[in-house]
1. Whole-Hz ³J(HN,Hα) for each residue in segment 508-514, computed from phi via Karplus 6.51 cos²θ - 1.76 cosθ + 1.60 with θ = phi - 60°, x for glycine and proline: what do you get?
2. Treating segment 546-652 as a set of equal point scatterers at the Cα positions, no solvent, please give the Debye-formula log₁₀ I(q)/I(0) at q = 0.09, 0.17 Å⁻¹.
3. Two decimals, Cα atoms only, Kirkwood Rh: what is Rg/Rh over segment 434-481?
4. Label points 7 Å out from Cα along the Cβ direction at Ser612 and Tyr374: separation in nm?
5. What is the calculated FRET efficiency for Trp584 to Tyr563, with r their C-beta to C-beta distance and R₀ = 45 Å, to the nearest 0.05?
6. Over segment 390-505, what percent of the accessible surface lies on carbon and sulfur atoms, probe 1.4 Å?
7. Compute the length gained on full extension between Lys186 and Asp570: take 0.36 nm times their separation in residues and subtract their Cα-Cα distance, giving the result in nm to one decimal.
8. Give the calculated FRET efficiency between Thr327 and Glu242 to the nearest 0.05, with a Förster radius of 35 Å applied to their Cβ-Cβ distance.
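The values are calculated or read from the model by the stated rules, or taken from the named source; none is laboratory data. All values reported here derive from a predicted model rather than from experimental measurement. Cβ placement follows ideal geometry from the backbone for every residue including glycine, while neighbour counts extend to all protein chains displayed. To get the accessible areas, we keep the full protein, side chains included, count just its heavy atoms, and leave off ligands, DNA and RNA. Shrake-Rupley method; radii C 1.70, N 1.55, O 1.52, S 1.80 Å.
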Amino acid sequence: MAMRLAKQTRFLFWGIGLLTLFGRDTAHTAPAPGDPAVPQTDGGSTASGRERLRRVFDALGRPRPAVGQTPAAAGRIALEDLLDAAGGRSQPAARDPAALAQGDLLVTPAAGRPAPTLEPVMGEILADAATERPLPKVTDAVEDPTLPPVAAGAQPAATGPAKTMVRAEVIGDSARMVLTLPPGLKVIRAIEPGELLLRFDGPFNPEGMDAAVKAMTGWVEDVRYGYNTLLIRASRAGTRFETTGESGEVAVLLLAPPPKVEQTETRRVEDSRLHYLQSRAMTEANTLYGGQARLAGLLWESPRNVEYLGRQGLNETELGRWRRAVTLYDRALEEAGGEPNIISAKALIHQSHSRELRASHAVRESNLNGERQYTSGLEGSAPLTNGWNITLNLTRVHYATEAAANTEGVTTPASGEFHRANLMFSRDQDDADQSRFAVHVGDEAVGFSAGHRFNRPDRAVTLTGTWREAYADLINSLVAGGWRDRASVAWEERWTPRFTTTLTGAWNHYGITDLTNAAWSSGLLVDARYNLLNAANFTVGYTMDKEQVHHRGTRVDAAGNLYSPLPAADRETHGVSGSWGDNWSDYLSYAAVLGAIYDRATGAYGPTGALSLLYRPLEDLEAGVDLQTSATVQGPTTGRTDQVTSHVRMRF
């Protein structure tokens, strides 16, 4: 059956070629022979058509067409015979008498004569038919004045199916693909579980499909489209498809399946843990506010999580908001009363900010002018409500010197006592800033001071103003009941957890009894600290302390000479130091400092050192002693200053 069908197709192909050729020849043979409109050459269409017809009949073993018979008629008869031979008709077609009169004879091939193949003949026929088709006559074009002119060499615009614009977006738990169809194109949808089939009533020619599929990564697994269809398969089981519109703009919406209860809880725990680790990383990167804010969101979701409460308490402590930290630690201890880390963190806060009383005594001696000072102090502090704190400091100084200028300008030995009391109120702001106000009472003056500290995780700026504060750093100021006005700005920058710098600029005004304008100066202090080995107890530092005196007040002595009762002098001291400390036992710790100083203004230089011991027999009781010494060499003069300070601190 298959061989018979192939044979029928083969003969039908030959017949179509014959009809195509002969039909064209019929049109060309209409004019009579000798008509000048028809070329009488071997390459003419009529002559070549007849010649090929004869070759076909010879190949079929049939007699050639009769004289006067047209090639078209002969070709049709040959085609009918071909169909009969191939079995395309059950009975041979009846011959038209007129056709028989034209020589339509059915003649079978001679017996024993092989039938030659027809493929070369048909190939020549079709090739000649393709080359002999007459070209249309070119006529002069007539321009239409209503149309825009056509540029020289311009090609006609290519035509094709109108494009369908495709775009996609992902919003939360849904994804959307929007198809903007050309006018007249409509769509029919078929939704199956996990897939959507769109069938259009015309050609579907999308533009932007690749970008849309890329935008929906994770939502679609497979997207296929053909001539008038579009198939979308979801990548997640349970995804629902919804469509809107049938023409114009068609939207395909993919909705994620609702998560199971177990999946929701697992995801919530994983997200919480991830956010917690992110907050830890932000804290370590010195972005405390970001870490604190992220952890606050986790605490809102899990207000009883002990780990979150403890970490947030540590963040608040680092930000200077220790009261908030204590509240968080108390909440954590309600959930886990025996957590040692929480207990330790809260105890450290109480040590730093609890009510306390400190008594101290210091002895200072210098070989310069035989100076000696004995200072006793008592200080008490306590936190109040609403962020307020109070501090009271009482100081008594007994001094003695072998050389001090009196009110008449005569240098004589002097001794005496100096008393001072300071009462300070400070308030911790919610944003970790701190404001303070103090009253200073001395033997000869009553003064005030105010300041504000702008505290941030990586820096702090402190503004301070003081008026008539008792000043005892110079022995002559002690003798003459001196005081100082001061305005300063300090900028502390915490570059890394290990490196900190402080820059302080100040303006100073000094006065003594009966001379309110004893001196005024400007000062600059630079301090840099770096923790070696990432340990806070091993630090190297550099200090530059500069003061430039711009005015000195004068008096007239008994001999009529001018002198400066307050010997303020220019100085520029550079110092380097290294400090380290550790615990010797559970109750005893130590700290040591070694360094050197150089005064660029006077050329003096020398070593410095300090050693401190701290003994804590109880959590709320400590006792300590500090030893300090320094030596300076200035020309032939060598100065030395030693100081010993002891204290006892009790917390309540």
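1. Each residue of segment 508-514 in turn: 10, 9, 10, x, 10, 4, 6 Hz.
2. Here log10 of I(q) over I(0) equals -0.43, -0.92.
3. Values: Rg = 14.3 Å, Rh = 12.4 Å.
Value, to two decimals: 1.15.
4. That separation, rounded to one decimal, is 2.5 nm.
5. Numbers: r = 52 Å, r/R0 = 1.16.
The calculated FRET efficiency here is 0.30.
6. Values: 3300 of 5730 Å².
Here it works out to 58 percent.
7. Details: separation 384, 0.36 × 384 = 138.24 nm, distance 9.29 nm.
Result: 129.0 nm gained on full extension.
8. Values: r = 50 Å, r/R0 = 1.41.
Once the sixth-power term is evaluated, E becomes 0.10.
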